[in-house]
1. Can you name the number of the only condition in (1) open to solvent by 50 Å² or more (accessible area, probe 1.4 Å); (2) assigned to a loop (DSSP other than H, G, I, E, B); (3) out of contact with any strand residue (DSSP E or B) (no Cβ under 8 Å at 6 or more places or on another chain); (4) at pLDDT 95 or above that Gly129 fails?
2. Against the condition in contact with a Gly (Cβ under 6 Å, 6 or more places away or on another chain), buried (at least 19 other Cβ atoms within 10 Å of the Cβ) and closer than 20 Å to Leu39 by Cα, how does Asn191 come out, does it pass?
3. Being over 20 Å from Phe228 (Cβ atoms), in contact (Cβ under 8 Å) with a residue 40 or more places away in the chain and among the polar types (S, T, N, Q), is that true of even one residue in the range 259-277?
4. How many residues are among the hydrophobic types (A, V, I, L, M, F, W, C), within 21 Å of Asp37 (Cα to Cα) and at pLDDT below 95 when one looks only at the range 57-88?
5. From the list Phe18, Phe96, Phe29, pick out the single residue that is at pLDDT 95 or above, surrounded by 14 or more Cβ atoms within 10 Å (Cβ to Cβ), among the hydrophobic types (A, V, I, L, M, F, W, C) and under 28 Å from Thr273 (Cα atoms).
6. How many residues are more than 15 Å from Ile72 (Cβ to Cβ) and either in a helix (DSSP H, G or I) or of a type outside the set (S, T, N, Q) (or both) if we restrict to the range 140-181?
7. Looking only at the range 225-243, which residues are open to solvent by 40 Å² or more (accessible area, probe 1.4 Å), farther than 27 Å from Thr75 by Cα and either of a type in the set (Lys, Arg) or touching a residue at least 40 places away in the same chain (Cβ under 8 Å) (or both)?
8. Give me the pairs, please: first residue somewhere in the range 197-208 and open to solvent by 50 Å² or more (accessible area, probe 1.4 Å), second residue anywhere and in a helix (DSSP H, G or I) and not aromatic (Phe, Trp, Tyr), beta-carbon distance under 9 Å, and either six or more positions apart or on two chains.
Amino acid sequence: MSKIRRLLPFVMIVCLLFLPSVAPAADSFNVYVGYADNLRPSGFFPTPWLGSPNVVSQTPSGQSLDTGAIRIDNTGASPITITGLTVKVNGGSPVFSLWNPLTINPGQIGIFTQTTSYNFDTSDIGIFGGLPPSSLYPTIAGNNQIGGCSSTASILAASGDAVLCAANAPVVSFMENGHPFSAIDTGQILNTGGWDFVNNGTFGGDGNESINWNLIGSAASRGGTIPFSTFCAELELSQEAPKRFELHSRFMLGTSSGGIDPLTEAVTLQIGTFSTTIPVGSFAKARNGGFAFEGVINSVNLEVRIRPLDKNSFTFKAEGKGVDLSALTNPVTVVLTIGNDTGTTTAFREEEEKEGEGERNRDH
């Protein structure tokens, strides 16, 4: 039995509010990205939007929209002021810095989008131009409704374009009450997968570019993502071959979640620079009412268990063999996405004791 299994019942794990920040922030807030198009009808428009209750923005409602959008929810007890917001695309060119400072009071939502019609049209500047390559079509079995660089991790890896896409992912940066924040739009929502999403009708889409709010850093979903209300994790890495990791975590679904079903939804796990997607149909029902997966994905042997604690709370345990995460430094970012439910937290890596080391330490 590994050290983490022995100690976990006796260790209090501090669950962190979702805060996908590269640098620690002083206040509590969530950051989302989306795309708004009101030129053509669609069922995917980002909601809430300008004019909704508790939404603040420097952009007036009523504009013709074809625009990327950033949403910041103040989930804390104090006002936050956002200054110097910039969005970099295509590895740094162009850079958008259209916005004035904005104060978001507790419980309010700040939306940063075009300031005049079409001056933040980020769908037209993707690396693929008008259409994605055939290896990243949104209609590939197991892919999402966006495709391109927004494709699932497994499809990106198979296409050979994962490195190219990662190098061109949008980056959102700003100061929050004087504290720096920067996060990568890994789902590539702002640039609609790196291709002009108005052409989605080619693949049976609605010809509208709208994408509902996705938590920044989560796997892409055109219908949007719903954050876990709490998410906490412990990570253990091996010191000896075969290189492996063990992740033990708990999460609680958000209040607007419709629930999870790993039997019919893809599950994506990111630990630092490592990311893997378990495709739809891979999990089996377990005897305890949970879900289990054992298999090999991209040369990594994975064992994953999801167990319900009640209707909205779950444990998530994953063990991976054949992956070297020794270069990761604390704190390690962990992102878990099941269908359109997702959360991000940080874990502090611990090294697994070498065989016999624990006994020697106890002898002394």
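The values are calculated or read from the model by the stated rules, or taken from the named source; none is laboratory data. The shown structure was predicted, so the numbers you read here are calculated from the model rather than taken from an experiment. Glycine gets a Cβ as well: all are built from the backbone with ideal geometry, and neighbour counts include every protein chain shown. Accessible surface is based on the protein model in full, side chains and every heavy atom, while ligands, DNA and RNA are left aside. Shrake-Rupley method; radii C 1.70, N 1.55, O 1.52, S 1.80 Å.
1. All conditions are met except number (1).
2. Working: in contact with a Gly (Cβ under 6 Å, 6 or more places away or on another chain): yes; buried (at least 19 other Cβ atoms within 10 Å of the Cβ): yes; closer than 20 Å to Leu39 by Cα: yes.
Yes, satisfied.
3. Within the range 259-277, one or more residues are over 20 Å from Phe228 (Cβ atoms), in contact (Cβ under 8 Å) with a residue 40 or more places away in the chain and among the polar types (S, T, N, Q).
4. Just the residues of the range 57-88 that are among the hydrophobic types (A, V, I, L, M, F, W, C), to begin with: 65, 69-70, 72, 77, 80, 82, 85, 87.
So of that shortlist, the ones also within 21 Å of Asp37 (Cα to Cα) come out as 65, 69-70, 72, 87.
Checking the rest, the ones that are also at pLDDT below 95 come to none.
Final tally of qualifying residues: 0.
5. Details: Phe18 fails: at pLDDT 95 or above; Phe29 fails: at pLDDT 95 or above.
The conditions single out Phe96.
6. Applying the first criterion (more than 15 Å from Ile72 (Cβ to Cβ)) to the range 140-181 yields 140-171, 178.
Checking which are either in a helix (DSSP H, G or I) or of a type outside the set (S, T, N, Q) (or both) leaves us with 140-142, 146-150, 153-167, 169-171, 178.
Going through the range 140-181 one residue at a time, the tally reaches 27.
7. Pass one, the range 225-243, residues open to solvent by 40 Å² or more (accessible area, probe 1.4 Å): 229-230, 239-243.
Applying the additional criterion that residues be farther than 27 Å from Thr75 by Cα yields 239-243.
If the condition is that a residue be open to solvent by 40 Å² or more (accessible area, probe 1.4 Å), farther than 27 Å from Thr75 by Cα and either of a type in the set (Lys, Arg) or touching a residue at least 40 places away in the same chain (Cβ under 8 Å) (or both), then Gln239, Glu240, Pro242, Lys243 are the ones that fit.
8. As it stands, the answer is Asp206/Asn200, since those pairs meet every condition given.
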